[in-house]
Each structure stands twice: as structure tokens, then as C-alpha cells.
1. Quick check on the range 86-100: of everything there that is in contact (Cβ under 8 Å) with a residue 24 or more places away in the chain and part of a loop (DSSP other than H, G, I, E, B), which residue is nearest to Thr117 (Cα to Cα)?
2. Taking the condition at pLDDT 95 or above, open to solvent by less than 10 Å² (accessible area, probe 1.4 Å) and not aromatic (Phe, Trp, Tyr), does Ala59 pass?
3. Quick check on Ala223: is it without any contact (Cβ under 8 Å) to a residue 12 or more places away in the chain and open to solvent by less than 50 Å² (accessible area, probe 1.4 Å)?
4. Can you pull out every residue in the range 74-125 that is surrounded by fewer than 21 Cβ atoms within 10 Å (Cβ to Cβ) and of a type in the set (Phe, Trp, Tyr)?
5. Consider Ala71 carefully, then state whether it is open to solvent by 10 Å² or more (accessible area, probe 1.4 Å) and in contact (Cβ under 8 Å) with a residue 24 or more places away in the chain.
6. Every residue in the range 162-217 that is under 25 Å from Glu254 (Cα atoms) and small (Gly, Ala, Ser), please.
7. Report the residue count in the range 78-121 for those that are under 14 Å from Pro169 (Cα atoms) and hydrophobic (A, V, I, L, M, F, W, C).
8. Could you count how many residues in the range 101-125 are assigned to a loop (DSSP other than H, G, I, E, B) and of a type in the set (S, T, N, Q)?
Amino acid sequence: MSLTRRQVTSAALAALPLGAAAAGTAHAGQRPRTLHIAGDSTAAQKYADAAPETGWGMALPFFLAKDRIVANHAVNGRSSKSFVDEGRLDAVLAVIRPGDFLLIQFAHNDEKTTDPTRYTEPWTTYQDYLRLYIDGARARGARPVLLTAVERRRFDAEGDALPTHGEYPAAMRALAEEEGVALLDLQALSLALWQRLGVEESKKYFNWTATEQDNTHFNPPGAIAVARLVAGELLHRRVLAPRDVRRLDAEIPEAWITWPPATPA
């Protein structure tokens, strides 16, 4: 499948570190710069009817300076394809501004081979769709950031944490290198975290309840832990400066997570 790419009008600007990008963007320093999240249910805002399920995007603000705002556009069940086809990327690009960031995490639903509305092939259509996010952000003076998909909780009989996303992380890593886009390797980082925690302790980070054993979605401790990984990598990859992050080594109370009372229409 071949998709038309948007013209890149500010690729050089978007490739610069935070401070340099701000210096070259008119008026960007006069307002808080926003981190927009495009992704699936692992990152999305959850509501009271889904508690204690928690997307990592809900916890990310705890690790950012107050003038780094998070706009969480992630939606349950979306792939890189369906997010675009439903007009959700267009909606994000309509509000993104020069100096902003677009964090892009998809793969969980791209993997659904039996669903043509969501499925993408790692080395062709998946990369094609991701380029729409990259080019769209750059054309608006914003900086795209690719995040490999956070890992599910899966272990073998020997207690080794298993990767579950097939070729999608490798395809995203290759695309990031090709396009000169910052990459947060959340798949590798989260897999290592589940391995350190082990089979039993890792259950405490997922949405395991009396009636459900969910090895994909997080509870508050899991969302906080993954958001900490994201914030740490934003600093490590020089997407954000030290002044832009906080509490990377601090204990974050679970009570800071809140769920709005109702899902908006």
C-alpha cells in the first residue's frame, strides 16, 4: 500500500533538541509546550467505569514540569491505521503548534491480522502510516517522537519475560533511524522491567482484579512505572531538558491517579 506523504516544511527544526527548537520557533516560548499522545488503550485516559485500569498517559504529567502539558489523544482499540482513518490524526494536527511534541505509540492493534480496519504489515503499511504522523507533526513545526509498543505481561515456563509484538518494534526502530526521529524504546524497557519484577510481582502492575486477569492494560502502579520510563527516555534522548522533568526517582502515590466520572460522548 502506498500513502501520500505530507510535505515536510520544518524537518530540520523538528530534529533539534528542545531548547534549540524553541529558539527557532516564533512565539513558541510564550506559551506552555504540549506533549500530544497518539496511541492505543495502553496510553489512553480511562474513566470511572474502567477503574482501576489506567493508561500510562494519565501518569506522565507527574514526571513533567508544570509548563509541559500532556494532551492525551490515545483511544482504546486503535491502530496506526484506524487512528488515521477515523480522522483522529487530523484532529491532533489541527491543534498541534510549533514547539509541541507528538508521541506516537502503536502496534497492539496493528497486529490484529483478522481485522482489516486495523491491521498493518510491519515493514510496509505500518511504516507508511507512521510516516503520516511524522510528516504531519514536522509540517507544523512540532517534533515527532516514536515509542515502540509497551510490552504485555507474558512469561515462559522458566520465568523469562517474552516479547509479544513480533516485527513491529524492529520496523519502528528502522523507521526512526531512516527518518531521523527520536525513538523511545518502550518495548525493550518495559520487557526488562517485567523481567526484573518476575512472574508474580509483575501482576501487581497490570489490571488484575477479582474478576479479570488482564496482562495488557495497567493499574495505577503499572501506569506510573511505564510513565516513569517514558519521561526518563524523553530526558535521556534529549527530547526534553533536565528542567522539563521531575520526580524521576521519587515515589508517586497511587492516589494521584484519578478517573473522571463518565466517558464523554
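The values are calculated or read from the model by the stated rules, or taken from the named source; none is laboratory data. Keep in mind that this is a model prediction, so the values were computed, not measured. Note that we place each Cβ from the backbone using ideal geometry, even for glycine, and neighbour counts take in every protein chain shown. Each accessible area value is taken on the protein alone, full model and side chains, heavy atoms only, with ligands, DNA and RNA left out. Shrake-Rupley method; radii C 1.70, N 1.55, O 1.52, S 1.80 Å.
1. Ile96
2. Working: at pLDDT 95 or above: yes; open to solvent by less than 10 Å² (accessible area, probe 1.4 Å): yes; not aromatic (Phe, Trp, Tyr): yes.
Yes; evaluated as a whole, the condition is true for this residue.
3. Details: without any contact (Cβ under 8 Å) to a residue 12 or more places away in the chain: no; open to solvent by less than 50 Å² (accessible area, probe 1.4 Å): yes.
In short, no.
4. Tyr119, Trp123
5. Values: open to solvent by 10 Å² or more (accessible area, probe 1.4 Å): yes; in contact (Cβ under 8 Å) with a residue 24 or more places away in the chain: yes.
So Ala71 fits the description; yes.
6. Selection gives Ala188, Ser190, Ala192, Gly198, Ser202, Ala210.
7. 3
8. From the range 101-125, those assigned to a loop (DSSP other than H, G, I, E, B) are 106-121; that's our starting set.
Next, only the ones that are of a type in the set (S, T, N, Q) stay: 109, 113-114, 117, 120.
Final tally of qualifying residues: 5.
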